[in-house]
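Trainee: Please read through the structure below; I'll follow up with questions.
The values are calculated or read from the model by the stated rules, or taken from the named source; none is laboratory data. Keep in mind that this is a model prediction, so the values were computed, not measured. Note: ideal-geometry Cβ built from the backbone for every residue, glycine included; neighbour counts use all protein chains shown. The protein model used for the area step is the full one, side chains on, heavy atoms only, and it has no ligands, DNA or RNA in it. Shrake-Rupley method; radii C 1.70, N 1.55, O 1.52, S 1.80 Å.
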Amino acid sequence: MAQGETRSGYGFDSERLDRVERHFWREIWESVPAEVAREHRIELHELGPVQATLVGAVPDAQLPNLVLGGACGGAVAEGSLGAALDRVEAAGVAAKVPISDGDPEAEAAEELLRSRGYEPGYAWMKFARDAHEPRFRVPDGVEVTAADAGGERPFGMIAATGFGLPAWAAAFFAGLPGRDGWHCYVANVGAEPQACAAMLIDGDVAQFGIAATLEPARGRGCQPALLRQRIRDAAAAGCQTLFVETGERVPGRPSPSYRNILGAGFEEAYLRPNWSPGG
């Protein structure tokens, strides 16, 4: 499947989506309090078109240690990817570097990554849809509310716990509710907050992310309810393209997120292998 078109022919601008993705992660890093960043060696590096988000305190965690834009035009030719990999090595983390076949410098980036000891690993599928009204049903008993900017609803805690990060990592996400362009949500089962999700609106594009559910509520329909609310809010904000990603489907590996995303009307757009040191 070529970048720029889903299986059914829905068109999108893959370079634009990748720019929004970098914006999404940059905003998360910029929201972290300075004292937390110092204590846990949280770094943000922008090197030409390449962006590296690194956390020395959790060197093996794939979610926060990420190099984006590694195959953009000029990323290899102008040395930006090589410089980013130098920062990764200096930080002592195992960062993932997503590269897709349709990227302008994909072949050169893959050659450089191999020379630095990186190998392609588990890939992520990117999905896209327009803002048509969601037609899927969600279970009764799940209430979606906006996460409070003051932190009264535990958006950051749910995200950190759901992603298997240490408790202090709630600071990655706690500052996002109320931030310009961000829409953050909590799903309640009964009276208890059990799941979270967010989206960043950038012009007419909405990126969905930070979807996590606490163990007691998994399988209760929290994420479909959060998807439906974000789709509706993105449409109300005038968005034309909505996108999200999750791990690829492989035999023997559960994929409830993949199923939820397809059920919400998203379509597979393109697959991105994640390169990492030693595979």
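Trainee: Quick one: net charge of Asp204's neighbours, Cβ under 11 Å, K/R +1, D/E -1? Before the final figure, lay out each step's value.
Mentor: On the way: positive: Arg16; negative: Asp13, Asp130, Asp202.
That works out to -2.
Trainee: Here is a further query. At what distance in nm do the modelled label points of Arg114 and Ala167 sit from each other, each positioned 7 Å from its Cα along Cα→Cβ?
Mentor: 4.7 nm
Trainee: Right, something else. Net charge near Glu46, counting Lys/Arg +1 and Asp/Glu -1 over other residues with Cβ under 12 Å of its Cβ?
Mentor: Numbers: positive: Arg22, Arg26, Arg87; negative: Glu30, Glu43.
Value of the local net charge: +1.
Trainee: If I take R0 = 22 Å and measure r between the Cβ atoms of Ala191 and Arg218 in this structure, what FRET efficiency does the formula 1/(1 + (r/R0)^6) give, to the nearest 0.05?
Mentor: 0.75
Trainee: Next question. Can you tell me what the convex hull of the Cα atoms of the stretch 131-271 projects to on average, as an area in nm²? Provide the component values of the computation, followed by the final result.
Mentor: On the way: hull surface 35.1 nm².
Projected over every direction and averaged, the Cα hull of the stretch 131-271 covers 8.8 nm².
Trainee: Above 18 Å lies some portion of the pair distances; for the stretch 1-156, what is it as a whole percent of all C-alpha pairs? It would help to have the intermediate numbers written out before the result.
Mentor: Details: 7991 of 12090 pairs.
The proportion of pairs with Cα distances above 18 Å equals 66 percent.
Trainee: Which number do you get for Rg(Cα) / (2.2 N^0.38 Å) in the stretch 180-242?
Mentor: So the stretch 180-242 has a normalised radius of gyration of 1.14.
Trainee: How much area per residue is accessible in the chain when the probe is 1.4 Å and only protein heavy atoms are counted (Å²)?
Mentor: Values: 12190 Å² over 279 residues.
Per residue, the chain has an accessible area of 44 Å².
Trainee: At most 12 other C-beta atoms within 10 Å and a DSSP loop state: those are the exposed trypsin sites (Lys or Arg not before Pro) I care about. Give me the longest piece of the chain that has none. If you can, show how the numbers build up before the last one.
Mentor: Values: sites that count: Arg7, Arg135, Arg137.
That gives 138-279 as the longest site-free run.
Trainee: Over what distance in Å are the Cα centres of the stretch 103-157 and the stretch 227-279 separated?
Mentor: When both Cα centres are located, 6 Å separates them.
Trainee: Please give the contour-minus-distance gain from Glu5 to Ala236: 0.36 nm per residue of separation, less the Cα-Cα distance, rounded to one decimal in nm. Before the final figure, lay out the partial values.
Mentor: Numbers: separation 231, 0.36 × 231 = 83.16 nm, distance 2.41 nm.
Once the chain is fully extended between Glu5 and Ala236, it gains 80.8 nm.
Trainee: With r defined as the distance between the Cβ atoms of Arg179 and His132 and R0 fixed at 30 Å, what FRET efficiency is calculated, to the nearest 0.05?
Mentor: Working from the Cβ atoms, E equals 0.65.
Trainee: What chymotrypsin sites (Phe, Trp or Tyr not before Pro) does the stretch 75-154 have in DSSP loop regions with at most 14 other beta carbons within 10 Å? It would help to have the intermediate numbers written out before the result.
Mentor: Numbers: sites: Tyr118, Tyr122, Trp124, Phe127, Phe136; in loops: Phe136.
Here the sparse-neighbourhood loop sites are Phe136.
Trainee: Show Met199, Met157 ordered by accessible area, largest first, where the area counts protein heavy atoms only and the probe is 1.4 Å. Could the numbers behind the result be given before it?
Mentor: Details: Met199 0, Met157 85 Å².
So the residues, ranked largest to smallest area, are Met157, Met199.
Trainee: How far apart, in nm, are two points set 7 Å out from the Cα along the Cα-to-Cβ line at Gln62 and at Asp101?
Mentor: Distance between the two pseudo-spin positions: 2.1 nm.
Trainee: Within 11 Å, Cβ to Cβ, of Gly263, how many net charges do the neighbouring residues add up to if Lys/Arg are +1 and Asp/Glu are -1?
Mentor: Charge balance near Gly263 sits at +4.
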